[in-house]
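Since every read-out is calculated from the coordinates, none of them should be taken as a lab result. Because the structure is predicted, anything quoted here is derived from the model rather than measured. Note that we place each Cβ from the backbone using ideal geometry, even for glycine, and neighbour counts take in every protein chain shown.
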Amino acid sequence: MTQVDDPAQVKRFPPVAEISAETLYEKCLAMARNLWWTWHHDVVNLFRDLDPIRWRQLDHNPIALLAEFTPERLEMRAGELVLYSRINHAYRRLKEYMDPDRRTWGTTNAGVLGAKPVAYFSAEFGIHESVPIYSGGLGVLSGDHVKSASGLGIPLVAMGLFYDQGYFRQHLDIDGYQHEEYMNVRVEDLPMEPALGPDGNPITVEIDTRNGRLLAKVWLMRVGRVDLYLLDCDVEGNRPEDRQLTSRLYGGDTRTRIRQELVLGVGGVKALKALGITPGVYHLNEGHSAFAPLEAIRDSMETDGLSFDESLREVARHTTFTTHTPVPAGHDRFDAGLIEEHLGPLRDKLGISHEQLMALGRVEPQNEGESFCMTVLALKLSRRANAVSSLHGAISRRMWAHLWPWRVEEEIPIGHITNGVHLPSWMAYQMQQLYDRNFPAGWIYRMGEPEVWQEIHKVDPGELWETHYSLKNLLLSFVRRRISRQCRRRGESDDVVEAARNVLDPHVLTIGFARRFATYKRAALVFSDIDRIARLVNNPDRPMQFIFAGKAHPADEPGKEFIRKVANLRHDPRFAGRVVFVEDYDINVARHMVQGVDVWLNNPRRPLEASGTSGEKVVLNGGLNLSVLDGWWAEAYDGSNGFAIGKGRSHAQEHVTDERDGLSLLDVLEFQVIPLYYDRDVDGLPRQWIQRMMSSISSLAWRFSSHRMVMDYVKSAYVPAAGGLSCDMHVR
Ligand SMILES: *Cc1c(COP(=O)(O)O)cnc(C)c1O
């Protein structure tokens, strides 16, 4: 352990429970420095009300906003707006939330983790748009996991990397081609502080490789009750190229990749040790962090005097692994040279040969032609493993069956826990108010329970429809603002900018599609029969419109081509003003979209969407899913809570599957979705549609929440792993 070069670039901030903020300014700052605020509407609204224009310009970052205020000016502003009691109330709630004696679900159900918490490893965390250390679904899932662990009171610490340039910001040029821009994040504007060891000093970890030592300092970010530690290689003492190692998320080549994963896994375990934390469970969220158990084995050999094999068994009993990728090509693989360069010194300490180490990352241990796969390593070093939906569980068992050649497929020890989303983060304020008015008091603490959501059937259909309609209007004004800004930035004519201010119509059936533009997600599928979709879009009585958003990975040219194709539809008079592409998809764009659309479209090539979560965010806001029966939707759709594309089958030949699904999608739109939406009663209400919204909310909201997900992890993985039970995770 060594000192960091700049010990307290940021002033250390004690946990809120220990703070006694006196002034309004201190109270606001205390709230801004715990990401708890991000899922509490009244606190978000409080920050926004301080200066609505700057709030938007600063990417909803309260620390950056407060930096523009003096304590005196804040007092004045609070006086003008009568904010005193709101600030005091919110601050009191945060203090109560952070009270270590508060009883939670975890107090009763996760007691054994109290002394030895779960260490949750992930390469990205998507918590809020103002903290850009995520790229997409995996990160948002990790963020939601951490938020629910906090809400449920599960003893858990999270380990990740700090990317000071984050993921890229996306701009399209006049031809619709994607350009990437990397921004430097200002550390002072983030709710981070140097993490301190038990001796009160900031910590730096050292990781040896065959060609020199890597250093990483450790930051602490507070997400409610959960501490999130982020490793950062921008440290004096590192070579210049290594100082940039953790600058960008998923940037760079395989060598960058293995070095980042070394820092996350090996560095993460070293950081825990330096912090004085002894985890009872290691949770590897995806294979990126699979080096972590190797360092834990080394530590256990040294501390407990065990052999390599004994230590491996011991560590594996406490390790649980979640796989997210249903295609072999999606798993990180490294060649023997890279492995030896980066794991060589650790391997020496483990007392194993190069071949023995390589064997841990190979399906066929002796096959020298096989490279080192992080997923294989994770499966071999964990006693429990799970996929992220029921269908993905079956696919994963088949994909990895040859690791257990003596078992039949059904007995491959990979279970599943279906992904869920953090309801408070994704639920619109107006929907929460509607639930508050109609659901039993305290429902928000019981949102993982099915009974709570049955109440939706008692809500007045008109009230639900009007709430949805007002959210749709909010979405449309957001989209218009963004589209006209995009046009202005590209230097387009005043006429074009003006037209952009008037795109879309709130009375028209509105379909949203937003996600990474990976080709398997088939963003352009709905345009595969362009004349037919043009007729549907322009039907004078029952028109339709589309909002698209999403980034392609910088190296994914086919993905960028999809973006170009969709974005350029604005030049086709049949789609102008009816099909729009919102640039720079992030949590903010996602939140607006999932809260305001009528229908959420999801048409991946089955079974390549392991779970998918964006459709789950739509549910609680009253949107309906229109999706291929893949991932979570394969187990969620019951015939009356949304719409299904296809019959849950894929053809061996991709182009046949694509043609079939494209046809089914247009049929479902034309014969089910559109008629149901425009079938109005005398009051102008689409009764059947509203019925479907209610079925969707009551049958899905609780089930696909991250509270339910984390409760499943506690019961079937964390608690057994903490006790060192060696039974395999239940295969459902
Ligand atoms: C929810 C979310 C995702 C995941 O979307 P999928 O449709 O599940 O791929 C990706 N990016 C952002 C910003 C999200 O909020």
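So the values come out like this:
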read-out	value
Between segment 309-366 and segment 246-264, the Cα center-to-center distance that results, in Å	17 Å
MRE, 222 nm, helices only [DSSP H, n ≥ 4, -39500 (n - 2.57), over the chain, to nearest 500]	-12000 deg cm²/dmol
Residues of type lysines that Lys715 reaches as a straight line, Cα spacing below 25 Å, ignoring anything fewer than 8 places off in the same chain	Lys116, Lys147, Lys380, Lys617
Bridge type composition, segment 46-204 - antiparallel percent by DSSP, nearest 5	55 percent
Prolate/oblate/rounded label for segment 441-565 (Cα gyration tensor, a/c 1.5)	prolate
Approximate spin-label separation Thr107-Ser493, in nm, with each point projected 7 Å along Cα-to-Cβ	6.8 nm
R0 of 35 Å, Cβ-Cβ distance Arg86-His457: FRET efficiency to nearest 0.05	0.55
Zero-based 5 Å bins, Cα pair distances in segment 12-97, whole percents	3, 15, 30, 28, 18, 6, 1
Burial ranking of peptide ranges 704-711, 470-477, 217-224, 182-189 (average Cβ count within 10 Å, highest at the top)	704-711, 217-224, 470-477, 182-189
Shape call, segment 81-182: gyration tensor on alpha carbons, a/c limit 1.5	oblate
Kirkwood Rh and Cα Rg combined as Rg over Rh, evaluated for the chain	0.95
Centroid-to-centroid separation of segment 409-427 and segment 178-209 [C-alpha atoms, Å]	30 Å
Contour minus Cα-Cα distance for Glu368 and Asp49 (0.36 nm per residue)	108.6 nm
Considering only the chain, percent of DSSP beta bridges that pair antiparallel, nearest 5	35 percent
Net charge of neighbours whose Cβ lies under 13 Å from the Cβ of Val656, counting Lys and Arg as +1 and Asp and Glu as -1	0
Long-range HN-HN contacts of His553 with modeled amide H, under 5 Å	Phe517
